[in-house]
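Just so it is clear, none of the values below were taken in a lab; they were calculated from the coordinates. All figures in this text were calculated on a predicted structure; none of them were measured in a lab. Cβ: placed from backbone, ideal geometry, glycine included. Neighbour counts: every protein chain shown.
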Amino acid sequence: MHYVIGGQGDDLMVLLPGWPRTWWQFRKLMPKLAERFRVVAVDIRGMGDSDKPGCGYDKKNMARDIYELVRSLGYSKAHICGEDIGGMVAYSYAVNHPEATDKLALWETIHPNEGFYGIPMLPQPAQDGLQWWLAFNMVKDLPEAVLTGRFRTVQDWIIEHYSGSPESYTEEDRAIYAAAYNTSDAIRAGNAWYQEWHQDMVDDKEYPETPITVPTLFLAGKSAPLIFPMIEKKAADIRTVELAGAGHFLSDERPDDLLAVLEDFFV
């Protein structure tokens, strides 16, 4: 498993990225967080420079990967943070390993549940924000055939349509993210995070009604009105924060605002 680590603090903070990103999405957060914490940004299973095995992409198993990483670094507990797919893994970590979780921070995500089956495939006229990739990434083999060597097109489209501030991405950022998903193996592995949602939903049904027992922070941008009611019932002790006008990728787009909220919550 590939990760980037630094910092001087006694407490460990784990940062888990989402699709279609890598540990690089935390580059603007890590220097400041490292003043207070030992910080590790992880390429989760199948991502970036981490291994891309043929199985094991359900979020419970991916959370186990992170649990074993925390132990291997010499810690019994950690603060866990995640965005998008990484947030699903972070959620599963806190539910399945509460004894190894200090605090939990999630943004722009919720664990897969049967409500996902209600996500519309067809947009209403003039509807903005159709998440077409949720279905496309479920298809086996076709995405690899279509996108291998061409993933920059997807990266640019996602940035232009789901970022609140496309100008926050440099050419280097776009190139790094595109390269991480440009091979057939990388596309297959990243899509496996979605293809295991059915198993994630089975696991979700087995969790308690209020599955998260640790202090939890949840942030969202434009999706806040939709997603806050879903997450608030999932944690016994939760604080929600809306970053008004923000798009989906808060750590890329609004790092200063995100840092201020994280530091207030974790310190």
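For residues that are among the basic types (K, R) and out of contact with any helix residue (DSSP H, G or I) (no Cβ under 8 Å at 6 or more places or on another chain), scanning just the stretch 1-60, find the one that is farthest from Y162 (Cα to Cα). The qualifying residue farthest from Y162 (Cα to Cα) is R38.
Kindly check whether there is at least one residue in the stretch 213-234 that is under 15 Å from T109 (Cβ atoms), in contact (Cβ under 8 Å) with a residue 40 or more places away in the chain and of a type in the set (F, W, Y). The answer is yes, given that some residue of the stretch 213-234 is under 15 Å from T109 (Cβ atoms), in contact (Cβ under 8 Å) with a residue 40 or more places away in the chain and of a type in the set (F, W, Y).
Collect the residues in the stretch 4-24 that are surrounded by fewer than 24 Cβ atoms within 10 Å (Cβ to Cβ), in contact (Cβ under 8 Å) with a residue 40 or more places away in the chain and outside any loop (DSSP other than H, G, I, E, B), keeping them in residue-number order. Scanning the stretch 4-24 gives I5, L12, W24.
Scoring R45 on the criteria (1) surrounded by fewer than 21 Cβ atoms within 10 Å (Cβ to Cβ); (2) charged (D, E, K, R); (3) assigned to a loop (DSSP other than H, G, I, E, B) leaves a single failure, condition (1). At least 3 residues being surrounded by 17 or more Cβ atoms within 10 Å (Cβ to Cβ) is the threshold, and among the helices (runs of 4 or more DSSP H) wholly inside the stretch 59-151 those reaching it are 59-72, 85-96. Restricted to helices (runs of 4 or more DSSP H) entirely inside the stretch 161-267, those with at least 3 residues that are within 30 Å of K140 (Cβ to Cβ) and among the polar types (S, T, N, Q) are 184-195.
Scanning the stretch 186-208 for residues that are in contact (Cβ under 8 Å) with a residue 24 or more places away in the chain and farther than 18 Å from G86 by Cα yields K205, Y207.
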